[in-house]
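Let me begin by presenting the structure, written as structure tokens, before commenting on it.
Just so it is clear, none of the values below were taken in a lab; they were calculated from the coordinates. None of the values given here were measured: they were computed from a predicted structure. With ideal geometry, Cβ positions are generated from the backbone for all residues, glycine too; neighbour counts draw on all protein chains shown.
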Amino acid sequence: MKKIEIDPISRLEGHGKIAIFLDDNGDVANAYLQIPELRGFEQFCVGRPVEEVPRITPRICGV
Amino acid sequence: MPEKFKFAFMPSASCGGCEIAIVDIDEVILKVAELADIVYWPTALDFKDKDLEAIPDGGVTVGFFNGAVRNDHDVHHAHLMRRKSQVLVAFGACAQMGGIPSLGNFWTTEEIAHRMYDTVPSVVNPDGTRPQTTFEVPEGELTLPRAMERAYALDQVVDVDYYIPGCPPQPKWVIAAVEAVASGELPPKGTVIAGTKAVCDECPRERSEEKQVTAFKRIHLVENDPEKCLLEQGIICCGPATRDGCEAACIVAGQACRGCFGPTDNVNDMGAKLASAIASIVVADTQAEADRILGQLDDPAGYFYRFGLAKSLLGVQRGERKEGDE
Amino acid sequence: MKKVLQQMGVDPERLRLESVSASEAQRFAETVKGFTETIKKLGPMPKGVEDPAVAKEEVHA
């Protein structure tokens, strides 16, 4: 099948890509949203003093 | 009519705050628009990788790269930006020294993924599904970048010309950088476009000649004197080892500095510098007493390398870690 | 510092802080000898983790 990739998704914070598969008629057979990012906030906040966490987590999204 | 410059903005493992910092220059953005064409900025406009790839090498006058280098796609982007840009700027703390995402270097990527996809209380993933770099679906194949074994700062991957520090960078330094480009008077390669002293020099609080700390305190558990230096009151502040230019914004807001502008000049390892600065203000008669006071810090590496873990000279070591150590 | 090293994944035994005055030549020699032995036993520190994507040179068509 023909695959169209939109990479990156633009005009947003963060990363995303979309894969669209077209059948022989040119109709959309399926589309997939993928997130190509891993930063690990869920893990690296562990062990930090609790009063520091509100200074770390805003860096998830700066918008 | 003089030819316009070409600017490119590449996000990486970032939060978008650096790109908001560009927008925060307010009406000066009009000057930028006069000065330059933006040839790549997917966060703000509809650009794709192929648009940047189509530009001849060196065709971008100044490339601004923000975010840490965390997956192999980020590495590709770093090399791409370096090839396409005459001048490459590491924009923001993540690009300068790894930033907050580089705190992930305390763990292996597998440990991080295990937490994210298996053990975090808010996740429901009974089959243990994980992202894959390639995956077959009925219609064809999907691909994803590979998260690397560690996070990197930009200059650990490609040659960098300038740094605009901060988390986020401040409009006045973004403007200073734009003006330097406009005037053609660029500072020496490798310059960090910010102040040249330490945050203490801009800090409005009073400092006495000698600091003598006999106990460390957590800022939310004590009433601190708003006129007096935080460190003197036993509250960890990274000001002494941090480059200034931010007008001590965090301290003015009642919080301690956490070092987001990176180290002052001539510092090879910011964490080591901070450890030294903090240890030097402790007053104790015996080694045991000194150990006891310093032992009050539960997370020294997290304080000393908050924004710059990727640049520690120790490198990323995965030695024996016992349960409970982070 | 030991806690910092521990957090960073470096064996804290690789750091020793001693206070030895200029007149304690004997103790200086013993301290250095003893620590050298410790380090030899521990062996070289492993190279820091690097990712192959960064180590390799990118080549583009």
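Each residue of region B:298-315 was assigned a 3J(HN,Hα) from its phi angle through the Karplus curve 6.51 cos²θ - 1.76 cosθ + 1.60 (θ = phi - 60°); the sequence is 7, 9, x, 5, x, 6, 7, 10, 3, 10, x, 4, 4, 9, 4, 5, 5, x Hz, with glycine and proline shown as x. Here's how it looks for B:VAL213: its modeled amide H is under 5 Å from those of B:VAL282, B:VAL283, which are all 5 or more places away or on a different chain. Mark the label point 7 Å from the Cα of A:LEU12 along Cα→Cβ and return the residues of region B:43-63 whose backbone N is within less than 16 Å of it. Inside the label zone: B:43-48. With the simple model of a label 7 Å out from the Cα in the direction of the Cβ, B:GLU27 to A:ASP27 spans 5.6 nm. Legend: mean number of C-beta atoms from other chains within 10 angstrom of residue C-beta atoms, peptide A:25-36, equals 3.
Counting neighbouring Cβ atoms within 10 Å and putting the fewest first, the residues B:HIS76, A:HIS15, B:HIS220 line up as B:HIS220, B:HIS76, A:HIS15. If a/c stays under 1.5 just call it rounded; otherwise compare a/b with b/c (prolate if a/b is bigger, oblate if not). Do that for region B:1-97, with a ≥ b ≥ c from the square roots of the Cα gyration tensor eigenvalues. Oblate, because a/c is 1.5 or more while a/b does not exceed b/c. Computed from backbone phi with θ = phi - 60° and the Karplus coefficients 6.51, -1.76 and 1.60, the 3J(HN,Hα) list for region B:43-52 is 5, 10, 9, 7, 10, 10, 3, 5, 5, 6 Hz; x is used for glycine and proline.
In sequence order, region B:157-174 has phi-based couplings of 10, 9, 6, 10, 8, 9, 10, 10, x, x, 9, x, x, 9, x, 5, 7, 4 Hz under the Karplus curve 6.51 cos²θ - 1.76 cosθ + 1.60, θ = phi - 60°, and Gly or Pro positions carry x. Compared with the direct C-alpha span, the chain from B:ALA288 to B:THR196 gains 29.4 nm at full extension, assuming 0.36 nm per residue. From the square roots a ≥ b ≥ c of the eigenvalues of the alpha-carbon gyration tensor of chain B, which class results: rounded (a/c under 1.5), prolate (a/b over b/c), or oblate? Oblate, since a/c reaches 1.5 and b/c is not below a/b.
Remark: spin-label model distance C:LEU42-A:LYS2 equals 6.2 nm, labels positioned 7 Å along the Cα→Cβ axis.
Residue order for B:TYR117, B:TYR303, fewest other beta carbons within 10 angstrom first, comes to B:TYR117, B:TYR303. Note on the protein assembly as shown: with charges restricted to the Cβ of Lys and Arg (+1) and Asp and Glu (-1), its dipole about the Cα centre is near 900 debye.
The long axis of helix C:25-42 is offset from the longest Cα principal axis of chain C by roughly 30 degrees. Close amide-amide hydrogen proximity is noted between B:ALA151 and B:ASN105, each under 5 Å apart and 5 or more residues distant or on a separate chain (H modeled in the peptide plane; Pro and chain starts excluded). Ordered by the count of other Cβ atoms within 10 Å of each Cβ, fewest first, B:GLU139, B:GLU53, B:GLU210 give B:GLU210, B:GLU53, B:GLU139.
Amide H contacts of B:PHE9 (H built 1.01 Å from N, in plane; Pro and chain starts excluded): B:TYR40, B:TRP41, B:PHE64 sit under 5 Å, all sequence-distant by 5 or more or on other chains. Each Lys and Arg contributes +1 and each Asp and Glu -1, all at the Cβ; summed about the Cα centre of region B:136-220, the dipole is approximately 620 debye. The modelled label-to-label distance for the pair B:VAL222/B:ALA253, using points 7 Å beyond Cα in the direction of Cβ, is 2.3 nm. Summing charges over all other residues whose Cβ lies under 14 Å from the Cβ of B:ALA290, with Lys and Arg as +1 and Asp and Glu as -1, gives -1.
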